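The values are calculated or read from the model by the stated rules, or taken from the named source; none is laboratory data. This one's a predicted model, so the numbers in the text were calculated from it and none came from an experiment. FYI the Cβ positions are ideal-geometry reconstructions off the backbone, even for glycines, and counts take in every protein chain you see. These area figures cover heavy atoms from the full protein model, side chains too; ligands, DNA and RNA do not enter into them. Shrake-Rupley method; radii C 1.70, N 1.55, O 1.52, S 1.80 Å.
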Amino acid sequence: MSVTSNGNKVIRRVEIRQPELGGDSVLVVGGGGREHAIVQKLRESARVGKIYAAPGNAGMDVIETGISATDIDGIVRFVESEPDIKLTVVAPDDPLAMGLVDELTKRGLRAFGPTRAAAKLEWSKAYAKDVMRRYGVPTAAYGTFTDANAAKEYIKGGNFPVVVKADGLALGKGVIICESADEACAAIDEIMSDKKFGEAGNKIVVEEFLRGYEVSLLTFVDGEHYSLMRTSCDHKRALDGDKGLNTGGMGAYAPCPVFTEELLEKTVATIVEPTVRAMISEGAPFKGVLYFGLMVSGDDVRVLEYNARFGDPETQSVLPLLESDLYEIMNATIDGTLDKLDIKWSDKKSVNVVLASGGYPVSYKKGLPISGLESVDDGVNVYFAGVKKRDGDAMLVTNGGRVLCVQALADDFATAREAVYANIQKISFDGCFYRKDIGKNL
Ligand code: AMP
Ligand code: GLY
């Protein structure tokens, strides 16, 4: 157990492996709850020693390098200067899109994540849609446009709602659901003329609105072979009952019980395998985590989006269910040997709930002291995101909108939920809010 000077237990459940015990050093790029969950799972590997993060956060109990996740040159220089680092795990979308994995790989450094060309499945929605069309992967009908007038012409006479999307990365905010032609034209202008999402809006996708429920399916892919993780369900809206503004995610549960084995088999045959094969044909084999954002209606499953990475906050529910060695899986993914592994997952149920700062996702205070962490039960995980240590002492204070998440496993969802919500009561900071309905009625 490691205890910070303000008495907060930072690591529960897993003893921190001291660097002098040896093992490979690893650099994790990113600094949110997802990265904390990755770090914690890597620590369970007997082969992992020191863990660095770029930038990391004060709650992760890693060696914070202070290097930003998008400082590609800085990260490359750092890895070159630390020969003990045997693996760099690139978790967020931006450095993947900027080609961090390519830069590391061409210097003979091992990196987990797709190349820039393969990550295009995420950083260009138009490319993703074209791949789906070319290789027959089911998705919503669509058009792509670089000209606003052509886009407006396309929506005329169509059905509503219609979905207007910026092509590029827009922090998950570049999607606008429009109930009428007027709304759609306004959305097109906002994205293409007013450049609400900057260069990400130089091109847009206009697509059919799909009804149903959403499921996230994350898969390890080594170029040729793939291995499915447990399914999960994200909660993007700020308030209970999927009300309020869109956020970076307010909690998740795994697995997703309504998504049956039959649906999973169908998804593998019609979506997962064709996509993995498509990327080989595209000359950009995908290596890393391929995230399928699915819309399900009856037995119809279609792709809403691909992400080229672990999802946040899905990862904070999914990775605790992994019983095999994540370090070994990541290495097999790089080496193209995933088929040699027998990856084991727990049959337990996992729930995680995000504690956010009052006013998120619009505006919120920072620097609010977080108390009660030392009382969290063993076996319950706290994954930190927007936190830092207060200047002058080591008190953990808020430093972002999504501050931390609390996660628990149990044989059933009700027990996992009880553990999460009981432990949330022990943690406090001014203005803290969270959804009360994550994993309810499952
Ligand atoms: P995306 O970034 O493309 O996944 O879009 C973000 C969110 O917008 C999705 O998780 C859905 O909730 C919603 N969304 C995107 N595309 C559609 C669609 N064609 N029909 C209905 N909802 C959509
Ligand atoms: N949870 C959605 C994402 O990670 O993009």
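Could you check region 93-116 and list, in sequence order, the residues that are touching a residue at least 60 places away in the same chain (Cβ under 8 Å) and open to solvent by 20 Å² or more (accessible area, probe 1.4 Å)? Listed by number, the residues that qualify are 93, 94, 110, 115. Picking from residues in region 58-77 that are in a helix (DSSP H, G or I) and either in contact (Cβ under 8 Å) with a residue 24 or more places away in the chain or among the acidic types (Asp, Glu) (or both), the one that is most open to solvent (accessible area, probe 1.4 Å) is 73.
Listed by position, the strands (runs of 3 or more DSSP E) inside region 170-235 whose residues that are under 22 Å from residue 266 (Cα atoms) and of a type outside the set (Gly, Ala, Ser) number at least 3 are 213-222.
State whether one or more residues within region 151-166 are assigned to a loop (DSSP other than H, G, I, E, B) and charged (D, E, K, R). There is at least one residue in region 151-166 that is assigned to a loop (DSSP other than H, G, I, E, B) and charged (D, E, K, R).
Just one of the listed residues (236, 243) is basic (Lys, Arg) and within 13 Å of ligand 2 (Cβ to nearest atom), and it is 236. Among the residues of region 177-198, those that are within 13 Å of ligand 1 (Cβ to nearest atom) and open to solvent by 70 Å² or more (accessible area, probe 1.4 Å) comprise 177, 179.
When residue 119 is tested against (1) touching a helix residue (DSSP H, G or I) at 6+ places or on another chain (Cβ under 6 Å); (2) surrounded by fewer than 23 Cβ atoms within 10 Å (Cβ to Cβ); (3) in a helix (DSSP H, G or I), just one condition goes unmet, and that condition is (2). Residues of region 421-442 that are in contact with a helix residue (DSSP H, G or I) (Cβ under 9 Å, 6 or more places away or on another chain) and among the aliphatic types (A, V, I, L, M): 427, 438, 442.
In the condition set (1) crowded, with 21+ Cβ neighbours inside 10 Å; (2) over 25 Å from residue 241 (Cα atoms), residue 416 is compliant with all but (2). A Cβ distance below 6 Å, combined with a sequence gap of six or more or placement on separate chains, defines the contacts here; from region 178-194, residues that are under 20 Å from residue 210 (Cβ atoms) reach residues that are open to solvent by 40 Å² or more (accessible area, probe 1.4 Å) and part of a loop (DSSP other than H, G, I, E, B) in the pairs 179/160; 180/160. Being hydrophobic (A, V, I, L, M, F, W, C), within 25 Å of residue 132 (Cα to Cα) and within 16 Å of ligand 2 (Cβ to nearest atom) is a condition met by at least one residue of region 273-289.
Within region 276-299, track down each residue that is more than 19 Å from the chain's Cα centre (by Cα) and at negative phi. If the condition is that a residue be more than 19 Å from the chain's Cα centre (by Cα) and at negative phi, then 276, 277, 278, 279, 280, 281, 282, 284, 285, 296, 297, 299 are the ones that fit. Restricted to region 199-248, and to residues there that are touching an Asp or Glu at 6+ places or on another chain (Cβ under 6 Å) and within 10 Å of ligand 1 (Cβ to nearest atom), the residue that is most open to solvent (accessible area, probe 1.4 Å) is 234.
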